[in-house]
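**Q** Input: one structure, supplied below.
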Amino acid sequence: MQADAPLNLSVALGKLTLPNPVTVASGTFGYGVEYARLLDLNQLGAVVVKASGWPRPRQDPRTAEVTSGLLNAIGLQGPGVDGFLQKYWPFLRTLKVPVILNIWGTTVEEYAEVARRFDAVEGIGALELNVSCPNIKEGGAQFGTDVKLLAQVVAACRRATSLPLITKLSPNVVSIAPYARAAAEAGSDALAIMNSYPAMAIDIETRKPRLANVTGGLTGPCIKPIAIKLVWEAAAAVQIPIIGMGGIQNAADALEFLLAGASAVAVGTATFYEPQTAFQVLAGLQDFMRRKGVHDVRELVGTVLAKPSGG
């Protein structure tokens, strides 16, 4: 490839096309408006915003730094569907890149209702299903750790909307392959792998947990090897695209996810300490492609020289 030849960075997530494969992880980028004065959001592959559903109370303290990562119990509180549409959507709808909404519920019916409400809103790029929520009708069992519940919520949302669906899978399972297949078979257009890993930290001086919620979700560089493994295993199990995330700090990290089988990546925790991380990742990816003579980013996807042995 000639050094000045144009690169094809576009990727498809179902019927949704991203101009490039670098996005931001839901829950780490607020609703986009918080970063808009610092960054040109239209350079991203997509803007993925914080969860929308029914409001929940917040707790404090909600975050704690740990070795090579961040522990958080920020939760799913928010303005609700109506509040989101009134406060944030007028700005988000002006962006040139796709906007992906993370949604949640505590029952299958709630998920479907939120999906139905957003289906009527013009301009939304896709819905990302947060399946780490406890199902109150099933005694608190998480949708993301029960194959049947996962299939039910994806299928219900599929019936409720024509928007592309991205299911964000939980890492807290023995094998991710059955969950990836269940989501795909129920109608998910893509997967997001992975959500935060359950963890805990203790203040040895006070002998109290460092989070008000006691436990929280672990994110950051320390979870990257786990996330890459899960992407690799899921990519061998399904044919739908995967957005890989977990500890991405630079282009080399993102490339590991692409080689493992992800079609796109999302930058999360790194944005907190370096808001430009996603843009640095994109620039580094382009440099790598030129250096290696790769014209199309899709040529990199799933090309690691190894195959999962089971799942």
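The values are calculated or read from the model by the stated rules, or taken from the named source; none is laboratory data. Values in this document were obtained by computation on a predicted structure and should not be read as measured data. Quick reminder, even Gly has a Cβ in these numbers, built from the backbone with ideal geometry, and neighbours come from all protein chains shown.
**Q** If you scan the range 92-113, which residues turn out to be touching a residue at least 60 places away in the same chain (Cβ under 8 Å) and over 16 Å from residue 188 (Cα atoms)? Please lay out each step first, then the result.
**A** First pass over the range 92-113, keeping only residues touching a residue at least 60 places away in the same chain (Cβ under 8 Å): 92, 95, 97-100, 102.
Answer for the range 92-113, where residues must be touching a residue at least 60 places away in the same chain (Cβ under 8 Å) and over 16 Å from residue 188 (Cα atoms): 92, 95, 97, 98, 99.
**Q** Looking at (1) more than 21 Å from residue 6 (Cα to Cα); (2) surrounded by 20 or more Cβ atoms within 10 Å (Cβ to Cβ), which is the one condition that is false for residue 289?
**A** Here residue 289 meets the rest and fails (1).
**Q** Suppose we filter 114, 173 for residues that are outside any helix (DSSP H, G or I) and not acidic (Asp, Glu); which single one remains? Before the answer, list the steps.
**A** Details: 114 fails: outside any helix (DSSP H, G or I).
Result of the check over 114, 173: 173.
**Q** Where in the range 1-42 are the strands (runs of 3 or more DSSP E), entirely inside, with at least 2 residues that are under 23 Å from residue 289 (Cβ atoms) and under 15 Å from the mean Cα position of the chain (by Cα)? If you could, list the steps in order and put the result at the bottom.
**A** Numbers: elements: 11-13, 16-18, 22-24.
Ranges flagged: 22-24.
For (1) surrounded by fewer than 17 Cβ atoms within 10 Å (Cβ to Cβ); (2) farther than 19 Å from residue 74 by Cβ; (3) at pLDDT below 95, each residue gets a yes or a no:
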position	(1), (2), (3)
141	yes, yes, yes
152	no, yes, no
159	yes, yes, no
176	no, yes, no
186	no, yes, no
202	yes, yes, no
217	no, no, yes
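**Q** Has the range 198-206 got any residue that is closer than 17 Å to residue 262 by Cβ and touching a residue at least 12 places away in the same chain (Cβ under 8 Å)?
**A** First pass over the range 198-206, keeping only residues closer than 17 Å to residue 262 by Cβ: none.
No, the range 198-206 contains no residue that is closer than 17 Å to residue 262 by Cβ and touching a residue at least 12 places away in the same chain (Cβ under 8 Å).
**Q** Further question: Looking only at the range 178-190, decide whether some residue is within 17 Å of the chain's Cα centre (by Cα), of a type in the set (S, T, N, Q) and assigned to a loop (DSSP other than H, G, I, E, B). I'd like the intermediate steps shown before the answer.
**A** Our first condition is that a residue be within 17 Å of the chain's Cα centre (by Cα); within the range 178-190, this holds for 179-180, 183-184, 188-190.
From the residues that got through so far, the ones that are of a type in the set (S, T, N, Q) too are 188.
Now drop any that are not assigned to a loop (DSSP other than H, G, I, E, B), which leaves 188.
Looking through the range 178-190, at least one residue is within 17 Å of the chain's Cα centre (by Cα), of a type in the set (S, T, N, Q) and assigned to a loop (DSSP other than H, G, I, E, B).
**Q** Quick check on my filter: what residues within the range 91-111 are part of a loop (DSSP other than H, G, I, E, B) and either under 16 Å from residue 161 (Cα atoms) or at pLDDT below 95 (or both)? Lay out the reasoning, then the answer.
**A** Taking the range 91-111 first, the residues part of a loop (DSSP other than H, G, I, E, B) are 93-98, 104-107.
104, 105, 106, 107 - these are the residues of the range 91-111 that are part of a loop (DSSP other than H, G, I, E, B) and either under 16 Å from residue 161 (Cα atoms) or at pLDDT below 95 (or both).
**Q** What is the one condition in (1) over 16 Å from the mean Cα position of the chain (by Cα); (2) closer than 27 Å to residue 254 by Cα; (3) basic (Lys, Arg) that residue 158 does not satisfy?
**A** Result: residue 158 passes all but (2).
**Q** Give the number of residues within the range 18-31 that are modelled with pLDDT under 95, surrounded by fewer than 24 Cβ atoms within 10 Å (Cβ to Cβ) and not β-branched (Val, Ile, Thr).
**A** Of the residues in that region, 3 qualify.
**Q** Further question: Restricting the search to the range 60-119, which residues are within 21 Å of residue 158 (Cα to Cα) and small (Gly, Ala, Ser)?
**A** If the condition is that a residue be within 21 Å of residue 158 (Cα to Cα) and small (Gly, Ala, Ser), then 80, 105, 112, 115 are the ones that fit.
**Q** Here is a follow-up. Scan the range 229-252 for residues that are assigned to a helix (DSSP H, G or I) and crowded, with 24+ Cβ neighbours inside 10 Å and report the count. Don't jump to the end; show me each part of the working.
**A** The initial filter retains those residues of the range 229-252 that are assigned to a helix (DSSP H, G or I), namely 229-237, 251-252.
If we keep only those that are crowded, with 24+ Cβ neighbours inside 10 Å as well, we get 230-232, 234-235.
The qualifying residues number 5.
**Q** Which count do you get for residues in the range 73-90 that are hydrophobic (A, V, I, L, M, F, W, C) and not in a helix (DSSP H, G or I)? Working first, answer last.
**A** To start, the set of residues in the range 73-90 that are hydrophobic (A, V, I, L, M, F, W, C) comprises 73-74, 76, 81, 84-85, 89.
Checking the rest, the ones that are also not in a helix (DSSP H, G or I) come to 73-74, 76.
Looking only at that region, the number is 3.
**Q** Tell me, please, whether a residue that is without any contact (Cβ under 8 Å) to a residue 12 or more places away in the chain and either assigned to a helix (DSSP H, G or I) or surrounded by fewer than 20 Cβ atoms within 10 Å (Cβ to Cβ) (or both) can be found in the range 299-306. Please lay out each step first, then the result.
**A** Of the residues in the range 299-306, the ones without any contact (Cβ under 8 Å) to a residue 12 or more places away in the chain are 299, 305.
Among the residues that remain, those that are also either assigned to a helix (DSSP H, G or I) or surrounded by fewer than 20 Cβ atoms within 10 Å (Cβ to Cβ) (or both) are: 299, 305.
Yes, some residue in the range 299-306 is without any contact (Cβ under 8 Å) to a residue 12 or more places away in the chain and either assigned to a helix (DSSP H, G or I) or surrounded by fewer than 20 Cβ atoms within 10 Å (Cβ to Cβ) (or both).
**Q** Note down all Cβ pairs under 7 Å where the first residue falls in the range 229-241 and is β-branched (Val, Ile, Thr), the second is in a loop (DSSP other than H, G, I, E, B), and they're at least six residues apart or on different chains.
**A** 231/261; 231/262; 240/188; 240/189
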